[in-house]
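Q: Got a structure for you, questions after.
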Amino acid sequence: MLPLAVTAVFLVMNGKIVDANSSDMENIVFNIFYASLAAGFVEELIFRGVILNVLSIRWNYLVGVLIPSVIFGLLHIVSRNLSFMSIIQLIIAGTLVGVMFSLIEMSEHSIWNSAVVHAIWNLITSAIFAVAVSPQKDALYSYVISSKNALLTGGGFGMESSLIAIIGYLIVALIAYKIFAKNK
């Protein structure tokens with residue numbers, strides 16, 4: 001529901017839908033299978049399956065959630081040409097989505113829950129329907145929004161670090177935390 005809700009909010013903004021260029025189909029297929037689906041599962045296995053659990057056992061759940069989430073946010077900066085403001089926004093969004101994925105994993109004690117959510121998030125928001133200020137060559141469709149407000153657009157990283165997505169991460173994280181607290 002999260003990627004659909006976030007995308008729906010963007011669709012009410014001023015913008016236009018752009019179809020993918022058929023010459024970029026190789027990039028799109030790569031993005032669907034590797035950058036979206038595989039990356040979602042691999043990142044969750046590493047960050048939530050290994051790091052979260054090792055740190056939670058060694059110290060506590062707070063350390064187990066926060067440390068891998070901050071590292072997760074920082075790693076998304078690598079090899080990107082971003083402005084200082086986009087970097088700050090990405091660190092905040094990346095950390096919060098990491099916390100959200102961690103709480104999803106912890107709510108049911110299953111890495112597969114967070115892996116599926118992560119893969120679906122990547123698939124919908126970057127491979128099928130990317131929202132950005134310019135057409136995305138590795139998405140089937142792009143919704144090019146007219147706003148230049150980095151808080152709304154997500155800056156150089158895109159919709160995944162927008163204020164809209166951040167609010168979505170917080171809502172899902174709170175729901176997952178309530179489930180975790182109830183099951184604990």
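The values are calculated or read from the model by the stated rules, or taken from the named source; none is laboratory data. These numbers come from a predicted model, not from an experiment. Glycine gets a Cβ as well: all are built from the backbone with ideal geometry, and neighbour counts include every protein chain shown. Heads up: the accessible areas ignore ligands, DNA and RNA and are worked out on the full protein's heavy atoms, side chains in. Shrake-Rupley method; radii C 1.70, N 1.55, O 1.52, S 1.80 Å.
Q: Go through segment 152-164 residue by residue and tally those that are farther than 13 Å from residue 76 by Cβ, open to solvent by less than 70 Å² (accessible area, probe 1.4 Å) and assigned to a helix (DSSP H, G or I). Walk me through it before giving the result.
A: So the first thing to find is which residues in segment 152-164 are farther than 13 Å from residue 76 by Cβ, and the list is 152-153, 159, 162-164.
In the following step, the residues that additionally are open to solvent by less than 70 Å² (accessible area, probe 1.4 Å) were identified as 152-153, 159, 162, 164.
In the following step, the residues that additionally are assigned to a helix (DSSP H, G or I) were identified as 152-153, 159, 164.
Of the residues in segment 152-164, 4 are farther than 13 Å from residue 76 by Cβ, open to solvent by less than 70 Å² (accessible area, probe 1.4 Å) and assigned to a helix (DSSP H, G or I).
Q: Only one of these conditions is not met by residue 62: (1) under 28 Å from residue 100 (Cβ atoms); (2) touching a helix residue (DSSP H, G or I) at 6+ places or on another chain (Cβ under 8 Å). Which number is it?
A: (2)
Q: Taking the stated definitions as given, is residue 179 open to solvent by 70 Å² or more (accessible area, probe 1.4 Å) and farther than 17 Å from residue 90 by Cα? Show your work before the answer.
A: Details: open to solvent by 70 Å² or more (accessible area, probe 1.4 Å): no; farther than 17 Å from residue 90 by Cα: yes.
Spelling it out, it is not the case that residue 179 is open to solvent by 70 Å² or more (accessible area, probe 1.4 Å) and farther than 17 Å from residue 90 by Cα.
Q: Give segment 62-78 a look and list any residue that's surrounded by fewer than 21 Cβ atoms within 10 Å (Cβ to Cβ), β-branched (Val, Ile, Thr) and touching a residue at least 24 places away in the same chain (Cβ under 8 Å), or say none.
A: Once the filter is applied, which keeps residues that are surrounded by fewer than 21 Cβ atoms within 10 Å (Cβ to Cβ), β-branched (Val, Ile, Thr) and touching a residue at least 24 places away in the same chain (Cβ under 8 Å), segment 62-78 yields 70, 71.
To keep it simple, each residue is scored yes or no on (1) free of Cβ contacts under 8 Å to residues at least 60 places away in the same chain; (2) open to solvent by 20 Å² or more (accessible area, probe 1.4 Å); (3) of a type in the set (Gly, Ala, Ser).
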{"position": "80", "(1), (2), (3)": "no, yes, no"}
{"position": "86", "(1), (2), (3)": "no, no, yes"}
{"position": "106", "(1), (2), (3)": "no, no, no"}
{"position": "120", "(1), (2), (3)": "no, yes, no"}
{"position": "123", "(1), (2), (3)": "no, yes, no"}
{"position": "135", "(1), (2), (3)": "no, yes, no"}
{"position": "142", "(1), (2), (3)": "no, no, yes"}
{"position": "150", "(1), (2), (3)": "no, yes, yes"}
{"position": "167", "(1), (2), (3)": "yes, yes, no"}
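Q: Next question, about the same structure. Got a sec? Which of 115, 127, 119 is at pLDDT below 95, assigned to a helix (DSSP H, G or I) and either over 14 Å from the mean Cα position of the chain (by Cα) or over 28 Å from residue 182 (Cβ atoms) (or both)? Break it down into steps so the answer makes sense when it comes.
A: Values: 115 fails: either over 14 Å from the mean Cα position of the chain (by Cα) or over 28 Å from residue 182 (Cβ atoms) (or both); 119 fails: either over 14 Å from the mean Cα position of the chain (by Cα) or over 28 Å from residue 182 (Cβ atoms) (or both).
None of the others qualify; the one that does is 127.
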